[in-house]
Amino acid sequence: FVNDGDACPSYTDRTYLTKAQGNDGVDWWKKQSGPRMLTVSFNAMHTPVQKPPTDMVPDPTDSASTCSNAAPPRNVVNMMIEGVDVQIGRVLADLGLAKLAANGRTIQPGSLDLGNTVVVIIGDNGSQGQMVRPGTESPTIGGKFNPLRAKTTVYQTGVWVPLIIAGGPVVAPGRSFD
(Lines give C-alpha, C1' and ligand atoms only; values in the text may rest on other atoms or scores of the structure.)
Protein backbone atom coordinates (compact mmCIF):
# COMPACT_ATOMS: atom_id res chain seq x y z
CA PHE A 1 0.00 0.00 0.00
CA VAL A 2 1.45 3.34 -1.04
CA ASN A 3 0.03 6.50 0.44
CA ASP A 4 0.94 9.66 -1.45
CA GLY A 5 -0.36 12.02 1.26
CA ASP A 6 0.90 12.91 4.71
CA ALA A 7 -1.61 10.73 6.55
CA CYS A 8 -0.78 7.12 7.22
CA PRO A 9 -4.11 5.30 7.52
CA SER A 10 -4.58 1.81 8.84
CA TYR A 11 -4.96 -0.66 5.98
CA THR A 12 -5.89 -4.35 6.12
CA ASP A 13 -6.00 -6.53 3.02
CA ARG A 14 -7.28 -10.08 3.52
CA THR A 15 -6.30 -11.14 -0.02
CA TYR A 16 -3.91 -14.09 -0.40
CA LEU A 17 -0.54 -12.32 -0.31
CA THR A 18 0.69 -13.52 -3.72
CA LYS A 19 -2.47 -12.18 -5.36
CA ALA A 20 -2.30 -8.92 -3.35
CA GLN A 21 1.32 -8.37 -4.45
CA GLY A 22 0.34 -8.83 -8.11
CA ASN A 23 -2.65 -6.48 -7.66
CA ASP A 24 -0.47 -3.81 -6.02
CA GLY A 25 2.12 -4.01 -8.82
CA VAL A 26 -0.51 -3.67 -11.56
CA ASP A 27 -2.28 -0.81 -9.72
CA TRP A 28 1.00 1.09 -9.34
CA TRP A 29 1.98 0.52 -12.99
CA LYS A 30 -1.33 1.83 -14.31
CA LYS A 31 -0.96 5.07 -12.32
CA GLN A 32 2.40 5.83 -13.98
CA SER A 33 3.27 7.28 -17.38
CA GLY A 34 6.41 7.24 -19.42
CA PRO A 35 9.39 4.97 -18.76
CA ARG A 36 9.16 3.08 -15.47
CA MET A 37 10.42 0.06 -13.62
CA LEU A 38 8.21 -2.26 -11.61
CA THR A 39 9.52 -4.84 -9.17
CA VAL A 40 7.04 -7.38 -7.87
CA SER A 41 8.76 -9.53 -5.27
CA PHE A 42 6.49 -12.48 -4.62
CA ASN A 43 7.38 -14.03 -1.29
CA ALA A 44 5.19 -17.12 -1.63
CA MET A 45 7.97 -19.59 -0.96
CA HIS A 46 8.60 -18.11 2.44
CA THR A 47 6.63 -18.63 5.58
CA PRO A 48 3.84 -18.64 6.34
CA VAL A 49 3.14 -21.77 4.33
CA GLN A 50 -0.43 -21.37 3.11
CA LYS A 51 -2.46 -23.13 0.46
CA PRO A 52 -3.48 -20.65 -2.27
CA PRO A 53 -7.17 -20.02 -2.98
CA THR A 54 -8.78 -22.38 -5.48
CA ASP A 55 -9.45 -19.55 -7.95
CA MET A 56 -5.65 -19.33 -8.35
CA VAL A 57 -4.74 -23.01 -8.10
CA PRO A 58 -7.68 -25.37 -8.61
CA ASP A 59 -8.01 -28.19 -6.13
CA PRO A 60 -11.04 -30.19 -7.30
CA THR A 61 -11.49 -31.81 -3.91
CA ASP A 62 -10.49 -28.66 -1.99
CA SER A 63 -8.70 -31.01 0.35
CA ALA A 64 -7.54 -29.85 3.74
CA SER A 65 -3.79 -29.46 4.06
CA THR A 66 -1.43 -28.95 6.92
CA CYS A 67 0.19 -25.53 6.76
CA SER A 68 3.32 -26.38 8.70
CA ASN A 69 6.21 -23.95 8.45
CA ALA A 70 8.51 -26.53 10.05
CA ALA A 71 7.63 -29.40 7.68
CA PRO A 72 5.58 -28.05 4.78
CA PRO A 73 3.71 -30.70 2.78
CA ARG A 74 4.98 -31.09 -0.79
CA ASN A 75 1.49 -30.57 -2.30
CA VAL A 76 1.12 -27.19 -0.57
CA VAL A 77 4.61 -26.09 -1.63
CA ASN A 78 3.85 -27.07 -5.23
CA MET A 79 0.56 -25.17 -5.13
CA MET A 80 2.31 -22.07 -3.75
CA ILE A 81 4.82 -22.17 -6.63
CA GLU A 82 2.00 -22.64 -9.14
CA GLY A 83 0.20 -19.67 -7.58
CA VAL A 84 3.22 -17.45 -8.32
CA ASP A 85 3.27 -18.72 -11.92
CA VAL A 86 -0.42 -17.84 -12.25
CA GLN A 87 0.16 -14.36 -10.86
CA ILE A 88 3.12 -13.68 -13.17
CA GLY A 89 0.87 -14.50 -16.13
CA ARG A 90 -1.97 -12.38 -14.75
CA VAL A 91 0.33 -9.40 -14.13
CA LEU A 92 1.70 -9.60 -17.69
CA ALA A 93 -1.88 -9.81 -19.03
CA ASP A 94 -3.10 -6.91 -16.88
CA LEU A 95 -0.19 -4.80 -18.14
CA GLY A 96 -1.23 -5.56 -21.72
CA LEU A 97 1.88 -7.63 -22.46
CA ALA A 98 0.13 -10.99 -22.89
CA LYS A 99 -3.31 -12.57 -23.12
CA LEU A 100 -4.54 -15.23 -20.76
CA ALA A 101 -5.85 -18.51 -22.13
CA ALA A 102 -9.49 -19.49 -21.61
CA ASN A 103 -8.61 -21.06 -18.24
CA GLY A 104 -7.61 -17.58 -16.98
CA ARG A 105 -4.46 -19.01 -15.44
CA THR A 106 -1.90 -19.48 -18.23
CA ILE A 107 -0.59 -17.21 -20.97
CA GLN A 108 -2.20 -17.90 -24.32
CA PRO A 109 0.46 -19.36 -26.63
CA GLY A 110 1.83 -16.77 -29.06
CA SER A 111 0.24 -13.82 -27.22
CA LEU A 112 3.30 -12.55 -25.35
CA ASP A 113 4.21 -9.17 -26.88
CA LEU A 114 6.75 -7.31 -24.78
CA GLY A 115 7.64 -4.60 -27.32
CA ASN A 116 10.10 -2.24 -25.58
CA THR A 117 9.39 -3.78 -22.18
CA VAL A 118 12.04 -5.93 -20.53
CA VAL A 119 10.78 -8.59 -18.14
CA VAL A 120 13.19 -10.19 -15.68
CA ILE A 121 12.09 -13.20 -13.67
CA ILE A 122 14.48 -14.42 -11.02
CA GLY A 123 14.06 -17.01 -8.33
CA ASP A 124 15.04 -16.81 -4.73
CA ASN A 125 18.03 -18.35 -3.04
CA GLY A 126 17.08 -22.01 -3.24
CA SER A 127 14.66 -24.15 -1.25
CA GLN A 128 14.39 -24.41 2.50
CA GLY A 129 16.00 -27.60 3.80
CA GLN A 130 12.73 -29.23 4.79
CA MET A 131 11.35 -28.64 1.25
CA VAL A 132 14.25 -30.37 -0.48
CA ARG A 133 13.59 -33.89 -1.67
CA PRO A 134 16.53 -35.86 -0.28
CA GLY A 135 18.09 -38.32 -2.66
CA THR A 136 16.50 -36.87 -5.79
CA GLU A 137 18.88 -37.40 -8.67
CA SER A 138 19.87 -34.16 -10.33
CA PRO A 139 21.96 -34.62 -13.47
CA THR A 140 22.18 -30.83 -13.78
CA ILE A 141 24.31 -30.51 -10.68
CA GLY A 142 25.75 -34.01 -10.83
CA GLY A 143 24.54 -35.40 -7.55
CA LYS A 144 21.76 -35.57 -5.04
CA PHE A 145 20.00 -32.78 -3.25
CA ASN A 146 20.88 -32.64 0.41
CA PRO A 147 18.59 -30.78 2.84
CA LEU A 148 21.69 -29.78 4.81
CA ARG A 149 22.98 -27.94 1.73
CA ALA A 150 19.85 -25.96 0.88
CA LYS A 151 18.74 -22.37 1.50
CA THR A 152 21.01 -20.34 3.77
CA THR A 153 24.06 -22.37 2.74
CA VAL A 154 26.77 -21.62 0.21
CA TYR A 155 26.34 -24.98 -1.51
CA GLN A 156 24.85 -25.31 -4.99
CA THR A 157 21.24 -25.99 -3.96
CA GLY A 158 21.36 -22.98 -1.66
CA VAL A 159 22.10 -20.56 -4.49
CA TRP A 160 20.80 -22.37 -7.59
CA VAL A 161 18.03 -20.14 -8.98
CA PRO A 162 16.28 -19.53 -12.30
CA LEU A 163 16.75 -16.32 -14.27
CA ILE A 164 14.76 -15.31 -17.36
CA ILE A 165 15.26 -12.03 -19.21
CA ALA A 166 12.97 -11.31 -22.16
CA GLY A 167 11.85 -8.32 -24.21
CA GLY A 168 12.43 -6.27 -27.31
CA PRO A 169 15.66 -4.61 -26.15
CA VAL A 170 17.29 -7.97 -25.29
CA VAL A 171 20.23 -8.56 -27.64
CA ALA A 172 20.86 -12.11 -28.94
CA PRO A 173 17.82 -13.81 -27.36
CA GLY A 174 17.58 -17.56 -26.93
CA ARG A 175 20.91 -18.00 -25.21
CA SER A 176 21.34 -20.34 -22.28
CA PHE A 177 24.17 -20.24 -19.77
CA ASP A 178 25.27 -22.75 -17.16
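Couple of notes before you dig in:
- Residue match in the stretch 4-24 (condition: closer than 22 Å to Gly96 by Cβ, in contact with a Pro (Cβ under 8 Å, 6 or more places away or on another chain) and crowded, with 16+ Cβ neighbours inside 10 Å): yes
- Some residue of the stretch 61-75 being modelled with pLDDT of 85 or more and open to solvent by less than 40 Å² (accessible area, probe 1.4 Å): no
- Within the set Ala71, Ala20, the sole residue that is under 15 Å from the mean Cα position of the chain (by Cα) and either hydrophobic (A, V, I, L, M, F, W, C) or farther than 23 Å from Pro162 by Cβ (or both) turns out to be Ala20.
- Count of residues meeting criterion [open to solvent by 40 Å² or more (accessible area, probe 1.4 Å) and under 18 Å from the mean Cα position of the chain (by Cα)] in the stretch 110-125: 7
- Counting the residues of the stretch 146-173 that are part of a loop (DSSP other than H, G, I, E, B), closer than 19 Å to Gly110 by Cα and modelled with pLDDT of 75 or more gives 3.
To keep it simple, each residue is scored yes or no on (1) free of Cβ contacts under 8 Å to residues at least 24 places away in the same chain; (2) more than 27 Å from Thr152 (Cα to Cα).
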{"residue": "Ala44", "(1), (2)": "no, no"}
{"residue": "Asp62", "(1), (2)": "yes, yes"}
{"residue": "Asn69", "(1), (2)": "yes, no"}
{"residue": "Gly115", "(1), (2)": "no, yes"}
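The values are calculated or read from the model by the stated rules, or taken from the named source; none is laboratory data. What you see is a predicted model, and the numbers here were worked out from it, not measured in a lab. Cβ atoms come from the backbone with ideal geometry, glycine included; neighbour counts cover every protein chain shown. Just so you know, the surface numbers come from the protein's heavy atoms only, side chains and all, with ligands and any DNA or RNA stripped out. Shrake-Rupley method; radii C 1.70, N 1.55, O 1.52, S 1.80 Å.
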